[in-house]
Amino acid sequence: MSHYQVVKGARDIFPDEMVQWKHVEDVMHWLARIYGFSEIRTPVFEYTELFQRSIGSATDIVGKEMFTFFPDGSGRSITLRPEMTAGVMRAALQKNLLASAPVQKLYYISELFRKERPQAGRQRQFSQFGAELLGASSPAAVAEVIMFMMHVFDELGLSGLRLRINSLGSIDDRRRYREALRAYLAPHYDRLDDASRERFEKNPLRILDSKNPDMQEIVAGAPRLHEHLGDEARRDFDLVLGYLSGRGIDYRIDHLLVRGLDYYSYTAFEVTSTALGAQDALGGGGRYDSLALELGSPKEVPAAGFAVGMERLLIAMQKQGLLPEAVPAGPEVCIIVPQQEFFDQAFALAARLRDEGISTAIDLAGRSMKAQLREAGRMRAASALFVGGDELSSGMFPLKDLDASFQETLPLEGAIARMRERSITKQDQP
Ligand code: HAM
């Protein structure tokens with residue numbers, strides 16, 4: 001048995017695929033700047049109670065999917081983060097970030113861990129690009145978060161997206177609704193599946209978005225959450241929708257959308273893609289004003305955010321032919337050493353070119369000149385510079401343009417100038 005198997009539900013991203021990730025990440029970093037969000041990184045693990053208190057003990061994530069351990073054999077339990085929102089809020093509260101500026105706009109591209117059954121688009125280690133706006137949750141703040149997310153999809157060229165949106169109302173609205181829903185479901189209790197029975201007491205709203213057709217049939221006759229919304233929630237939701245329409249963002253109101261995390265109130269949303277299979281949720285988010293209080297903050301922190309699954313985003317882009325070719329950029333020059341006795345001098349020359357800011361490759365495996373040239377082609381080097389005994393004594397070096405198969409012999413300074421010119425022309429190309 002080999003000992004080099006990646007863990008089930010995790011995957012490697014090799015340099016060729018990294019080119020595509022970088023393309024996507026560059027757009028995210030650029031748009032984050034345009035929208036005024038700053039990058040944050042938090043630890044991959046947190047004390048377990050952070051997630052229990054924020055995501056909610058009755059959710060699938062906390063109940064079944066967390067990688068939890070005791071680092072010292074006892075003491076406080078630690079969990080690999082299954083999402084970022086709780087950690088970002090924890091960091092902001094601990095550092096008292098909102099004292100320095102009352103609105104904090106943060107974003108991240110980070111790895112997360114959930115012990116789910118792996119399948120296409122669902123992994124145990126995955127990444128999210130997300131944003132959290134802390135200190136404001138006005139309709140404009142919520143709309144801005146959604147606009148930012150949709151702008152990223154748009155800039156990446158994705159089509160076939162559906163934005164579903166709902167208002168979960170205030171905490172009081174939801175409490176009243178939960179009671180009404182339980183009263184409706186109670187006579188159907190015997191027909192509920194195991195998962196729904198589990199949710200009946202703790203979190204009956206989650207039964208609303210069950211994928212089981214039998215549950216959907218029962219739910220079809222249930223009282224509607226939107227009928228239990230107070231005036232404030234209705235007004236707030238209308239304003240959010242108005243901003244989205246004003247910006248030309250298509251959405252569909254989905255009264256059954258509740259999302260799998262407990263910290264939301266008022267607006268919640270989710271984006272699905274027709275390019276994805278069973279796991280078609282590309283991203284989601286919403287407003288979460290009470291999260292800070294749940295974590296013990298003396299003051300409420302109004303907040304809203306979203307997260308997009310990076311792997312799913314890349315799958316959708318791949319399906320729609322939106323990813324650049326998976327080929328890492330080659331070096332500007334590959335030094336060819338015809339005789340190994342001159343290797344050390346050629347190696348010193350490579351260091352000098354690198355000091356000049358020229359991306360330089362040199363064979364480190366003592367291969368023949370033919371093999372070195374083949375490798376230069378494989379790496380897509382722009383030029384080859386021949387460094388042998390004659391060249392070193394005369395100070396004149398043959399420089400071959402590998403794209404144009406054109407060769408000239410130049411003093412080192414001239415060769416450097418030529419390589420620079422070439423890389424500038426290359427960068428100017430679209
Ligand atoms: P979430 O809906 O749990 O929300 O996750 C957001 C996205 O992460 C999903 O739509 C999906 O694309 C991706 N995702 C989730 N689980 C997996 C998995 N096992 N494998 C691959 N991709 C996955 C949140 O995490 C919230 N923190 C979003 C948020 C931010 N709400 C407010 N701010």
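The values are calculated or read from the model by the stated rules, or taken from the named source; none is laboratory data. The shown structure was predicted, so the numbers you read here are calculated from the model rather than taken from an experiment. Neighbour counts are summed over all protein chains in view; Cβ atoms, including those assigned to glycine, are modelled from backbone coordinates with ideal geometry.
When you check ILE315 against the structure, is it over 29 Å from ILE424 (Cα atoms) and among the β-branched types (Val, Ile, Thr), yes or no? So ILE315 fits the description; yes.
Scanning segment 83-107 for residues that are polar (S, T, N, Q) and either closer than 25 Å to THR59 by Cα or touching a Leu at 6+ places or on another chain (Cβ under 6 Å) (or both) yields THR85, GLN104. Among the residues of segment 255-275, the one identified as within 8 Å of the ligand (Cβ to nearest atom) and surrounded by fewer than 20 Cβ atoms within 10 Å (Cβ to Cβ) is GLY260. For segment 1-30, a residue qualifies if it is within 16 Å of the ligand (Cβ to nearest atom) and over 18 Å from the mean Cα position of the chain (by Cα), and the qualifying residues are VAL6, VAL7, LYS8.
Residue by residue, here is whether (1) farther than 23 Å from PHE113 by Cα; (2) surrounded by fewer than 24 Cβ atoms within 10 Å (Cβ to Cβ) holds:
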| position | (1), (2) |
| --- | --- |
| GLY286 | no, no |
| GLU294 | no, yes |
| LYS299 | yes, yes |
| ALA304 | no, no |
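Evaluation of PHE153 against the conditions (1) more than 16 Å from the ligand (Cβ to nearest atom); (2) at pLDDT 95 or above shows that the sole unmet condition is (1).
Take GLU341 and decide whether it is out of contact with any strand residue (DSSP E or B) (no Cβ under 8 Å at 6 or more places or on another chain), exposed (fewer than 14 other Cβ atoms within 10 Å of the Cβ) and part of a loop (DSSP other than H, G, I, E, B). Taking the combined requirement at face value, the residue does not satisfy it.
Each row is one residue, and each column tells you yes or no for (1) at pLDDT 95 or above; (2) assigned by TED's automatic domain parsing to the domain that holds GLU144.
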{"residue": "ALA220", "(1), (2)": "no, no"}
{"residue": "LEU225", "(1), (2)": "no, no"}
{"residue": "ARG235", "(1), (2)": "yes, yes"}
{"residue": "LEU239", "(1), (2)": "yes, yes"}
{"residue": "LEU244", "(1), (2)": "yes, yes"}
{"residue": "ILE249", "(1), (2)": "yes, yes"}
{"residue": "VAL258", "(1), (2)": "no, yes"}
{"residue": "THR272", "(1), (2)": "yes, yes"}
{"residue": "GLN279", "(1), (2)": "no, yes"}
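As a summary of the residue check, ARG53 satisfies the conditions (1) within 19 Å of the chain's Cα centre (by Cα); (2) closer than 26 Å to SER196 by Cα except for the one numbered (1). In segment 1-25, the residues that are closer than 23 Å to MET149 by Cα form Cβ pairs under 9 Å with partners that are surrounded by 15 or more Cβ atoms within 10 Å (Cβ to Cβ) and of a type in the set (S, T, N, Q), at six or more places apart or across chains, as follows: TRP21/SER127. Go through the residues of segment 302-322 one by one and say whether even a single one is in a helix (DSSP H, G or I), among the hydrophobic types (A, V, I, L, M, F, W, C) and more than 16 Å from the ligand (Cβ to nearest atom). No: zero hits. Restricting attention to segment 281-299, the residues that are within 12 Å of the ligand (Cβ to nearest atom) and either farther than 30 Å from LEU323 by Cβ or without any contact (Cβ under 8 Å) to a residue 12 or more places away in the chain (or both) add up to 4. When we screen ARG90, ARG117, ARG81 for residues that are touching a Gly at 6+ places or on another chain (Cβ under 9 Å), of a type outside the set (A, V, I, L, M) and touching a residue at least 24 places away in the same chain (Cβ under 8 Å), the only hit is ARG81. Counting only helices (runs of 4 or more DSSP H) that sit wholly inside segment 165-254, those with at least 1 residues that are free of Cβ contacts under 8 Å to residues at least 40 places away in the same chain and crowded, with 18+ Cβ neighbours inside 10 Å are 171-185, 194-202, 213-220.
Residues in segment 344-369 that are touching a Leu at 6+ places or on another chain (Cβ under 7 Å) and either surrounded by 18 or more Cβ atoms within 10 Å (Cβ to Cβ) or under 30 Å from GLY157 (Cβ atoms) (or both): THR360 alone. Give just the number: which of (1) under 30 Å from ASP289 (Cβ atoms); (2) among the hydrophobic types (A, V, I, L, M, F, W, C); (3) touching a strand residue (DSSP E or B) at 6+ places or on another chain (Cβ under 9 Å) does ILE55 not satisfy? Only one criterion is unmet by ILE55, namely (3). If the condition is being assigned to a loop (DSSP other than H, G, I, E, B), touching a strand residue (DSSP E or B) at 6+ places or on another chain (Cβ under 7 Å) and farther than 17 Å from ARG420 by Cβ, then segment 359-407 contributes MET379, VAL387, GLY395.
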